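Student: To start, I am sharing the structure in question, which I have written as structure tokens.
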Amino acid sequence: MTDRFLRDTVRHRFTAREAVVLRVERVAPPIVRVTVSGADFADFTSAGPADHVRVFFPDPVTGELVAPTPAGAGEDGIVRPDRASISRDFTPLPRVTPAGVELDLDFFVHPDPGPASSWAESAQPGDSLVIVGPRGSKRGPQDIDALLLVCDETALPSASRWVQDAPAGTPIDVIATVSGSGDWVAGYLGAGPRVHVVAPDPSGGAVIAAIAGLEPIAGGVFVWAAGEASSLVPVRRHLRRALGLPPAQAQISGYWRRGVEAFDHHAPIDPFDPDV
Ligand SMILES: Cc1cc2nc3c(=O)[nH]c(=O)nc-3n(C[C@H](O)[C@H](O)[C@H](O)COP(=O)(O)OP(=O)(O)OC[C@H]3O[C@@H](n4cnc5c(N)ncnc54)[C@H](O)[C@@H]3O)c2cc1C
């Protein structure tokens, strides 16, 4: 049953690219879209809905941008800086234009802003960043009956990619945890998905109740959940234990953790029940 969820991985040239800000736009009340490009982006590829890039930011005090450099012209690999740098993970939203490849980076500007959110709020055309990755892309499964996406504001950019990646006509439900009315979420995701907005709930109970309000998750439904790691622990237990969904059918990623600066998303979100 889970074979249909097997996903192809494509490797990309792994390098560091210099990015220049072209435009800055507030696309939703809590989200600032920063569009970047540059000569290095000619071969930028990202085909997976959950792809991420590592974005290196200038020091908020000195303005100095400490970041990796490419291993060599056209080569695969990076040279890491010998000093501390400031970097965070973001979802690339790439687009090919007559002028080249542009990337939108949609920053959730949270109430307790770290360096990434602060940078985005004051970004201006002409500002510089360095972007590393993605190393590779995993396409979403294409042999599916329906898609269930669970996200918060930080995972909405990726959710928008899942919506575009799904085979035409796939029924899609999106459970979006956002503060306030969330009346902008459907517009952000575009036509297609049924959007269910829930209020932030560290216990995960609001998301679990929203899942219970949908049709039971059948064998052909692929589930992807991402966002605040602590509140996803009970959601993950519900999907895996109560509903018995195998890991290939329900993929859950912590994108940030409340109270943790520069959260490492490679760490298991539930150390007592890691994926093997
Ligand atoms: C694969 C992947 C893809 C991601 N894609 C995106 C994306 O497209 N857009 C996006 O906005 N984020 C995305 N994130 C999440 C992003 O990397 C984190 O939110 C990041 O920590 C923000 O950096 P910061 O410097 O603003 O805050 P940090 O310095 O990391 O954190 C500072 C403080 O703010 C709090 N905090 C951090 N993030 C949040 C938050 N989101 N909401 C509330 N409080 C927070 C922390 O608890 C901490 O106390 C992604 C993460 C991963 C792993």
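Student: Mind checking whether some residue in segment 57-65 is within 14 Å of the ligand (Cβ to nearest atom) and either closer than 26 Å to Thr9 by Cβ or open to solvent by 70 Å² or more (accessible area, probe 1.4 Å) (or both)? Lay out the reasoning, then the answer.
Tutor: As a first pass, look at segment 57-65 and keep what is within 14 Å of the ligand (Cβ to nearest atom): 57-60.
So of that shortlist, the ones also either closer than 26 Å to Thr9 by Cβ or open to solvent by 70 Å² or more (accessible area, probe 1.4 Å) (or both) come out as 60.
Yes; the residues of segment 57-65 include at least one that is within 14 Å of the ligand (Cβ to nearest atom) and either closer than 26 Å to Thr9 by Cβ or open to solvent by 70 Å² or more (accessible area, probe 1.4 Å) (or both).
Student: What number goes with the only condition from (1) among the aliphatic types (A, V, I, L, M); (2) crowded, with 17+ Cβ neighbours inside 10 Å; (3) under 24 Å from Arg139 (Cβ atoms) that Val24 does not pass?
Tutor: Failed condition: (3).
Student: What pairs come out if I take residues in segment 94-108 that are assigned by TED's automatic domain parsing to the domain that holds Glu121 and more than 20 Å from Tyr188 (Cα to Cα) and pair them with residues that are buried (at least 23 other Cβ atoms within 10 Å of the Cβ) and modelled with pLDDT of 95 or more whose C-beta lies under 6 Å away, six or more apart or interchain?
Tutor: Val101/Phe44
Student: Checking Asp112 against (1) away from the ligand (no atom under 15 Å from the Cβ); (2) surrounded by fewer than 16 Cβ atoms within 10 Å (Cβ to Cβ), which single condition isn't satisfied?
Tutor: (1)
Student: If I filter segment 42-56 down to residues being buried (at least 20 other Cβ atoms within 10 Å of the Cβ) and of a type outside the set (Gly, Ala, Ser), which single residue comes out as nearest to the ligand (Cβ to nearest atom)?
Tutor: Within segment 42-56, the first condition is being buried (at least 20 other Cβ atoms within 10 Å of the Cβ), and the residues that meet it are 44, 46, 48-53, 55-56.
Narrowing the set further to residues that are of a type outside the set (Gly, Ala, Ser) leaves 44, 49, 51-53, 55-56.
Numbers: Phe44: 16, Pro49: 11, Asp51: 8, His52: 3, Val53: 8, Val55: 8, Phe56: 12 Å.
Out of the qualifying residues, it is His52.
Student: A further question follows. Any residue in segment 182-206 that's free of Cβ contacts under 8 Å to residues at least 12 places away in the same chain: show its pairings with residues that are of a type outside the set (Ser, Thr, Tyr) at Cβ separation under 7 Å, as long as the two are six or more apart or on different chains.
Tutor: Ala186/Val195
Student: Could you give me the residue pairs with C-beta distances under 6 Å whose first residue belongs to segment 23-41 and is assigned by TED's automatic domain parsing to the domain that holds Ser122 and without any contact (Cβ under 8 Å) to a residue 12 or more places away in the chain, whose second residue is surrounded by fewer than 20 Cβ atoms within 10 Å (Cβ to Cβ) and among the basic types (Lys, Arg) wherever it lies, and which are 6+ apart or on separate chains?
Tutor: Qualifying pairs under 6 Å: Glu25/Arg33.
Student: Within segment 139-153, can you find the residues that are more than 12 Å from the ligand (Cβ to nearest atom) and in contact (Cβ under 8 Å) with a residue 40 or more places away in the chain?
Tutor: Arg139, Gly140, Pro141, Asp143, Ile144, Asp145, Ala146, Leu147, Leu148, Leu149, Val150
The values are calculated or read from the model by the stated rules, or taken from the named source; none is laboratory data. Small disclaimer: the values here were computed from a predicted structure and weren't measured. No Cβ is skipped: glycine too gets one built from the backbone with ideal geometry, and neighbour counts run over all protein chains shown. Each accessible area value is taken on the protein alone, full model and side chains, heavy atoms only, with ligands, DNA and RNA left out. Shrake-Rupley method; radii C 1.70, N 1.55, O 1.52, S 1.80 Å.
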